Structure formats: structure tokens, C-alpha cells
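The values are calculated or read from the model by the stated rules, or taken from the named source; none is laboratory data. Remember, predicted model here, so these are calculated numbers, not experimental data. Cβ: placed from backbone, ideal geometry, glycine included. Neighbour counts: every protein chain shown. Surface areas here come from the heavy atoms of the whole protein model, side chains and all, with no ligands, DNA or RNA. Shrake-Rupley method; radii C 1.70, N 1.55, O 1.52, S 1.80 Å.
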Amino acid sequence: MTATSLCRALRSAVVALGLLLLTAGGAVPARSAPATGLRLDPATAEAASGETVALALWVDDVDDLHRVELHLDYDWPELEVQDADPGRVSVQIEPGPIFCATCTPWNEAIDGKIHFVAQRDLISGPFYGSGIVATITLHVAATEPGTYTVSFDRAASRLLDSGGQPIGIDQFADAMLVPSPRVTLTGWLTRQGWGSDERSVVNAVLYPASPPYEPSSWGRTCTDARGDFTLAIDSTPQPPPADILPAGPPPSSPSCTSRWAFVRLDFTNYLSECYWECADEDVRDIGWHDLEGGDVNGDGCINILDIVQIIGDYGTTVPDPCHIPCDACPPDDPSSTAAPACDVNGDCQVNILDLTQTAGNFGLCSNCP
């Protein structure tokens with residue numbers, strides 16, 4: 001048999017085998033179509049009292065979508081839907097990019113239920129693929145937050161195609177809100193000119209990362225002899241003292257999605273320092289900070305007034321050991337002698353060291369409100 005004849009015979013055999021497989025039902029099965037679904041994202045979200053949570057309502061893998069008729073249940077007295085359109089009667093959720101804002105004949109959150117009906121405009125035509133149908137923003141008004149669900153009414157919710165026929169929904173995915181865990185801040189706080197860094201005051205106030213920017217809870221701790229601290233803040237609402245509150249709301253940053261901590265660092269005769277720290281994680285290390293001394297009159301700046309006051313107390317001494325008075329972080333031995341008012345470095349006397357340290361920081365001011 002020649003080479004040409006052999007090739008022809010092989011081709012004939014392959015064709016015959018293919019026909020035999022098709023006849024016997026042995027063809028490779030077609031790939032199944034993607035499952036069309038409705039889901040809330042994130043499926044689980046943390047929220048403390050006073051915080052808000054945004055849930056994106058997604059449709060996945062849909063073909064020829066013209067209209068949605070969606071009904072959801074959030075029947076918890078502690079949850080409040082935030083109005084996305086205050087100029088419109090009743091409470092609304094925010095339409096997603098699939099539908100225009102004016103193409104929603106029914107958009108209402110009332111009595112623990114959300115009703116959202118929207119349709120595509122004729123110019124845009126039907127929608128294909130996956131996208132955000134709407135965004136639901138919930139405010140947790142509970143004094144002690146619990147676990148809450150936001151769920152689809154599976155019987156009433158429908159997707160309709162451009163011919164008005166229902167589109168099969170293969171799967172639903174609800175959402176759950178759970179209480180925020182305790183936030184723990186750690187760090188290292190030293191004081192310029194001191195051999196020991198104990199009893200510096202660390203205050204922190206927690207704020208939600210989105211409006212309304214109301215403080216949710218706060219905590220306070222004192223540094224140890226090395227200046228280390230660990231501050232655990234419960235999510236249980238506690239009104240913070242007015243004198244540790246920030247001057248304005250938290251910074252706007254897409255990288256911080258859950259909560260901010262406003263941290264204030266203090267010690268007597270030292271400039272206070274304040275920082276906003278993102279507290280999305282359960283534990284946040286704010287690093288090392290060093291307080292500058294010399295603000296003996298407590299006005300937030302080191303200037304000639306502090307120099308004059310130190311000169312007025314120059315030479316004052318008390319027996320050693322002594323302690324710098326600090327109400328928030330009292331001394332381990334309350335019977336020890338209180339240091340002079342202008343003793344910046346805690347050596348139980350007002351001398352050239354206090355004056356030199358203050359002069360070296362002349363002109364510095366606190367960044368706290």
C-alpha cells in the first residue's frame with residue numbers, strides 16, 4: 001500500500017468512527033448555562049451601634065433583562081434604611097447602574113420591607129451579564145447590636161425579559177449583619193526627657209466610616225513603664241467625654257470601610273497628640289509616638305508663657321520619690337509626693353533641665369482640637 005493510499009484509509013476510518021459516536025450518543029455534552037441569581041454583597045457584614053452598612057444588590061448571569069420586581073425583608077426594629085432620595089416621598093434605596101433613577105415606579109422601604117421595581121429604558125435595551133441593581137444602606141440603631149438578616153422574598157421577587165416573560169432565578173443569597181468585635185489598639189508612647197514612660201493617657205473614640213458620623217463607643221488606658229499600651233474598646237455604646245472629641249468628622253478614605261478610631265495621647269505638662277486611625281481590623285497597632293514637654297500652662301502651645309511660669313517656680317523641690325499628678329492615670333503609690341507644677345521631666349524639682357527642654361520645644365503646638 002502506498003503512503004497516499006494509507007492516508008486515505010486513515011481519514012475514512014476517523015470519519016466512520018465519528019459517525020459511530022454521534023449515532024451512539026457519545027458526542028461531547030454542551031457546557032451548561034451559567035446560573036442566574038440574586039445576591040446581597042457582602043453576605044456578612046459587621047456593624048456596631050450607630051454604624052451604617054451598605055449592601056449591594058446584585059443580579060448575576062442574566063440574559064435579556066428588562067424589568068425587576070424585588071421584595072426584601074429587614075423586619076428588625078434596630079435597622080433603619082437610610083433614604084437615598086430625601087426629595088422624594090417615603091424612604092428610597094439607591095438604584096444601581098443597570099437602571100436609571102427615573103425608571104423606578106416603586107422604590108420604598110416601609111414596615112421592615114423593601115419594594116424595588118425598576119425597568120430598562122427603551123434606548124438602552126435589555127441587560128446582559130452581572131451588575132448592581134441597587135444599594136441598600138442600613139443604620140444600626142440598637143443600643144446593644146445583635147445579629148440581623150436581610151433576605152429576599154423568593155416567592156414575590158421576579159426578573160422579566162424584554163417580552164414580559166419571567167426569567168428563572170436559580171439561586172438567592174441573603175445577607176447577615178453581626179455585631180462588630182471588640183477593637184484593640186496597641187502602641188508605644190514615650191515622653192521626651194523621661195527615664196520612665198508610665199501613666200501616659202491613651203484615649204480612643206470609635207466612629208463609623210460613613211454618615212452619620214456619631215461616636216459609637218470609646219475607651220481609655222495608661223501606658224506601662226516602657227510606654228507600651230493595649231486599649232480594648234467594646235462595641236457597646238458609651239458616650240465619650242466631651243474634652244476628648246475631635247473637631248470634625250473622620251477623614252474620607254475608600255480604604256477605611258468600617259470604622260475609624262480618633263486617638264488622643266496626653267500627659268501633664270506635655271503637648272497632646274491626636275490621630276485618626278482606621279480600625280477596620282480587630283487589632284490595630286498605631287506605632288510609636290513621642291510627646292514633647294514644656295506646655296506647663298496647658299494651652300496647647302509651648303511659648304513664652306510657659307517659660308515665664310517655669311522661671312517663677314525655678315528652684316522648687318519636693319522629696320524623692322514623687323509623681324506628676326494625672327487624674328486619668330493615678331500613681332501606683334498614691335502616698336508619694338506630688339511634683340512641683342512646672343516639673344516637666346518628673347525629677348521632683350524645677351531646674352535648668354525643665355527650662356532647657358521647654359526652650360528646645362519653643363513654638364511647638366498640639367495638633368489636638
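For Y270, the requirement of being touching a strand residue (DSSP E or B) at 6+ places or on another chain (Cβ under 7 Å), open to solvent by less than 40 Å² (accessible area, probe 1.4 Å) and aromatic (F, W, Y) is met. Each residue in segment 59-77 was checked for being surrounded by 18 or more Cβ atoms within 10 Å (Cβ to Cβ) and part of a loop (DSSP other than H, G, I, E, B), and 2 pass.
When each of P251, P211 is tested for being free of Cβ contacts under 8 Å to residues at least 40 places away in the same chain and surrounded by fewer than 16 Cβ atoms within 10 Å (Cβ to Cβ), the lone residue that passes is P251.
Applying the condition of being at pLDDT below 95 and part of a strand (DSSP E or B) to segment 39-58 and asking which residue is farthest from the chain's Cα centre (by Cα) yields T44. Pairing each residue of segment 116-132 that is more than 17 Å from G164 (Cβ to Cβ) with any residue that is outside any strand (DSSP E or B) and open to solvent by 50 Å² or more (accessible area, probe 1.4 Å), provided the two are 6+ apart or on different chains, yields C-beta distances under 8 Å for G131/P97; I132/P97. Only residues that are among the small types (G, A, S) and either closer than 22 Å to L265 by Cβ or in contact with a Lys or Arg (Cβ under 7 Å, 6 or more places away or on another chain) (or both): list them for segment 282-337, please. Matches in segment 282-337: G287, G293, G294, G298, G300, A328. Entry remark, segment 333-360: residues being among the hydroxyl-bearing types (S, T, Y), in contact with a strand residue (DSSP E or B) (Cβ under 8 Å, 6 or more places away or on another chain) and either surrounded by 19 or more Cβ atoms within 10 Å (Cβ to Cβ) or in a helix (DSSP H, G or I) (or both) number 1 in total. Checked against (1) of a type in the set (S, T, N, Q); (2) open to solvent by 50 Å² or more (accessible area, probe 1.4 Å); (3) touching an Asp or Glu at 6+ places or on another chain (Cβ under 6 Å), Q165 passes all but condition (3).
Return yes or no: is V318 more than 30 Å from Y207 (Cβ to Cβ), hydrophobic (A, V, I, L, M, F, W, C), in contact with a strand residue (DSSP E or B) (Cβ under 7 Å, 6 or more places away or on another chain) and open to solvent by 30 Å² or more (accessible area, probe 1.4 Å)?
yes
The set of residues from segment 148-168 being closer than 12 Å to L65 by Cα and in contact with a Phe, Trp or Tyr (Cβ under 9 Å, 6 or more places away or on another chain) is empty. What number of residues in segment 120-130 are in a strand (DSSP E or B) and in contact with a Phe, Trp or Tyr (Cβ under 7 Å, 6 or more places away or on another chain)? Residues meeting the conditions: 1. Take V150 and tell me if it is farther than 28 Å from P330 by Cα, open to solvent by less than 60 Å² (accessible area, probe 1.4 Å) and either without any contact (Cβ under 8 Å) to a residue 40 or more places away in the chain or not basic (K, R) (or both). Answer is yes for this residue.
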